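For reference, the structure is listed below as structure tokens.
The values are calculated or read from the model by the stated rules, or taken from the named source; none is laboratory data. None of the values given here were measured: they were computed from a predicted structure. Methodologically, a virtual Cβ is constructed for each residue, glycine included, from the backbone with ideal geometry; neighbour enumeration extends over all protein chains shown. Just so you know, the surface numbers come from the protein's heavy atoms only, side chains and all, with ligands and any DNA or RNA stripped out. Shrake-Rupley method; radii C 1.70, N 1.55, O 1.52, S 1.80 Å.
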Amino acid sequence: MEKQISIVVAASGEIKDIALTEGATVRDVLNEANLQGYQLSRKGGEVLDPNTDIYSEAMDSEKLYATPEDVSVGEEAGASPPALSTDLETIKRKVRGFLSRWWDSKYPRSHTQGVPFRPRRLKKKEFGL
């Protein structure tokens, strides 16, 4: 009895339908799909060992994902991410700009032009004013 699986190639999104026979390994399936240098994984990210018997592991009509074995980011595989900018003056400038825009949205300058800002006074006796 054969099982059908679908392999989604990460780089292109191409879907390859493969018929599995008993005793087929992950490496056999990748070779049949012409995906040398790739690894198979399930949706949760569980990578399957190349020597695993895929016929017993996979369910009929299951979708598996092929990703390159050597995934490197940046120029070098061991490159560290760029450092975050912690320039204090830049942070202060951005916070001041945000607060200024927020203040202007709540209290537009057009109706207070030339009039100093005075908050409303609390007139209730329980505040002691």
- [ ] Collect the residues in the stretch 1-24 that are out of contact with any helix residue (DSSP H, G or I) (no Cβ under 7 Å at 6 or more places or on another chain) and part of a strand (DSSP E or B), keeping them in residue-number order.
- [x] 4, 5, 6, 7, 8, 9, 15, 16, 17, 19
Task: Which listed residue is under 15 Å from residue 5 (Cα atoms), in a helix (DSSP H, G or I) and modelled with pLDDT of 65 or more, from 27, 93 - done: 27
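When the stretch 1-22 is examined, which residues are found to be open to solvent by less than 50 Å² (accessible area, probe 1.4 Å) and either within 13 Å of residue 58 (Cβ to Cβ) or modelled with pLDDT of 85 or more (or both)? Break it down stepwise before answering.
The first filter runs over the stretch 1-22 and keeps only residues open to solvent by less than 50 Å² (accessible area, probe 1.4 Å), leaving 3, 5-9, 13, 16, 18-20.
Of everything in the stretch 1-22, those that are open to solvent by less than 50 Å² (accessible area, probe 1.4 Å) and either within 13 Å of residue 58 (Cβ to Cβ) or modelled with pLDDT of 85 or more (or both) turn out to be 3, 5, 6, 7, 8, 9, 16, 18, 19, 20.
Here is a yes/no grid of residues against (1) open to solvent by 50 Å² or more (accessible area, probe 1.4 Å); (2) closer than 21 Å to residue 11 by Cβ; (3) modelled with pLDDT of 85 or more:
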{"position": "51", "(1), (2), (3)": "yes, no, yes"}
{"position": "57", "(1), (2), (3)": "yes, no, no"}
{"position": "62", "(1), (2), (3)": "no, yes, yes"}
{"position": "65", "(1), (2), (3)": "yes, yes, yes"}
{"position": "70", "(1), (2), (3)": "yes, yes, no"}
{"position": "74", "(1), (2), (3)": "yes, yes, no"}
{"position": "80", "(1), (2), (3)": "yes, no, no"}
{"position": "84", "(1), (2), (3)": "yes, no, no"}
